[in-house]
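Read through the structure below, which is laid out as structure tokens, and then see the notes.
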Amino acid sequence: MTIRIEICTIEHVCELQEISYETFNETFKAQNSPENMKAYLEKAFNREQLETELSMEDSQFLFIYVNHKVAGYMKMNINDAQSEKMGVESLEIERVYIRKEFQKHGLGKVLLHKAMEMANERHKRSIWLGVWEKNENAIAFYEKMGFVKTGAHAFYMGDEEQIDFIMTKTLL
């Protein structure tokens, strides 16, 4: 199994949109109404929205490839691009999405290690993320990777308010 990570650019917007719809739908459709899923997918992953995010100076998307196929991606934010005001010494991991067929192969761990490497290069003191309180597998994974719950914030799935735990990892 050959794994490589590459920066996702505006030229990859269609592929980014496809994998975003696919992975978000696979992960969350069973716990949410079709109406709220549709509303969220259309708002968060429409082409214009993704192009805006891809062109933001303080955001970066990374594709992870397995044997030349996009297996997933990660979105990171620093400075004012962070979805919460966590300060200039923090890096946010906004999304870690892995296609179902590639889950349980250590790709999430590879992406988190890459985020830590990039945070260290940028002299960040911590990494944080938001994870849905009902996503027990993801919470367990992040805890295993050294993240701890440090707060919570609201997340809207369509018109339904949900709670995301904020989890943080302090870097050396």
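Could you tell me which numbered condition residue 70 fails, if it satisfies all but one of (1) in contact with a strand residue (DSSP E or B) (Cβ under 7 Å, 6 or more places away or on another chain); (2) farther than 15 Å from residue 5 by Cβ?
Here residue 70 meets the rest and fails (2).
Can you name the residue in region 6-20 that is within 15 Å of the chain's Cα centre (by Cα) and open to solvent by less than 70 Å² (accessible area, probe 1.4 Å) and is also nearest to residue 134 (Cα to Cα) among such residues?
The extreme case among them is 20.
Restricting attention to region 66-88, report how many residues are open to solvent by 10 Å² or more (accessible area, probe 1.4 Å), over 15 Å from residue 115 (Cβ atoms) and more than 16 Å from the chain's Cα centre (by Cα).
8
Just give me the residues in region 21-48 being surrounded by 15 or more Cβ atoms within 10 Å (Cβ to Cβ), polar (S, T, N, Q) and not in a helix (DSSP H, G or I), in sequence order.
If the condition is that a residue be surrounded by 15 or more Cβ atoms within 10 Å (Cβ to Cβ), polar (S, T, N, Q) and not in a helix (DSSP H, G or I), then 32 is the only one that fits.
Within region 122-145, can you find the residues that are in contact with a helix residue (DSSP H, G or I) (Cβ under 9 Å, 6 or more places away or on another chain) and within 21 Å of residue 78 (Cβ to Cβ)?
124, 125, 126, 127, 129, 131, 142, 145
On the given criteria, is residue 51 among the acidic types (Asp, Glu), farther than 16 Å from residue 81 by Cβ and surrounded by 12 or more Cβ atoms within 10 Å (Cβ to Cβ)?
For residue 51, the condition - among the acidic types (Asp, Glu), farther than 16 Å from residue 81 by Cβ and surrounded by 12 or more Cβ atoms within 10 Å (Cβ to Cβ) - is not met.
Can you find even one residue in region 35-44 that is of a type in the set (A, V, I, L, M, F, W, C), over 15 Å from the mean Cα position of the chain (by Cα) and within 18 Å of residue 138 (Cβ to Cβ)?
Among the residues of region 35-44, at least one is of a type in the set (A, V, I, L, M, F, W, C), over 15 Å from the mean Cα position of the chain (by Cα) and within 18 Å of residue 138 (Cβ to Cβ), which makes the answer yes.
Which ones in region 124-172 are touching a residue at least 40 places away in the same chain (Cβ under 8 Å), in a strand (DSSP E or B) and polar (S, T, N, Q)?
If the condition is that a residue be touching a residue at least 40 places away in the same chain (Cβ under 8 Å), in a strand (DSSP E or B) and polar (S, T, N, Q), then 126, 168, 170 are the ones that fit.
Give region 98-111 a look and list any residue that's free of Cβ contacts under 8 Å to residues at least 24 places away in the same chain and within 15 Å of the chain's Cα centre (by Cα), or say none.
Correct list: 103 only.
For region 95-130, enumerate the residues that are under 21 Å from residue 23 (Cβ atoms) and of a type in the set (Lys, Arg).
95, 99, 100, 104, 109, 114
This table checks each residue for (1) of a type outside the set (Val, Ile, Thr); (2) at pLDDT below 95; (3) in contact with a strand residue (DSSP E or B) (Cβ under 9 Å, 6 or more places away or on another chain).
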residue	(1), (2), (3)
80	yes, yes, no
86	yes, yes, yes
112	yes, no, yes
119	yes, no, yes
131	no, no, yes
145	yes, no, yes
151	yes, no, yes
160	yes, yes, no
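Specify which of the listed residues (75, 114) is closer than 22 Å to residue 54 by Cα, part of a strand (DSSP E or B) and in contact (Cβ under 8 Å) with a residue 12 or more places away in the chain.
Going through 75, 114 in turn, just one is closer than 22 Å to residue 54 by Cα, part of a strand (DSSP E or B) and in contact (Cβ under 8 Å) with a residue 12 or more places away in the chain: 75.
The values are calculated or read from the model by the stated rules, or taken from the named source; none is laboratory data. As the structure is a computational prediction, the values presented were derived from the model and not from experiment. Don't worry about glycine lacking a Cβ; one is built from the backbone with ideal geometry, like all the others, and counts go over all protein chains shown. Keep in mind that these areas ignore ligands, DNA and RNA; they rest on the heavy atoms of the full protein, side chains included. Shrake-Rupley method; radii C 1.70, N 1.55, O 1.52, S 1.80 Å.
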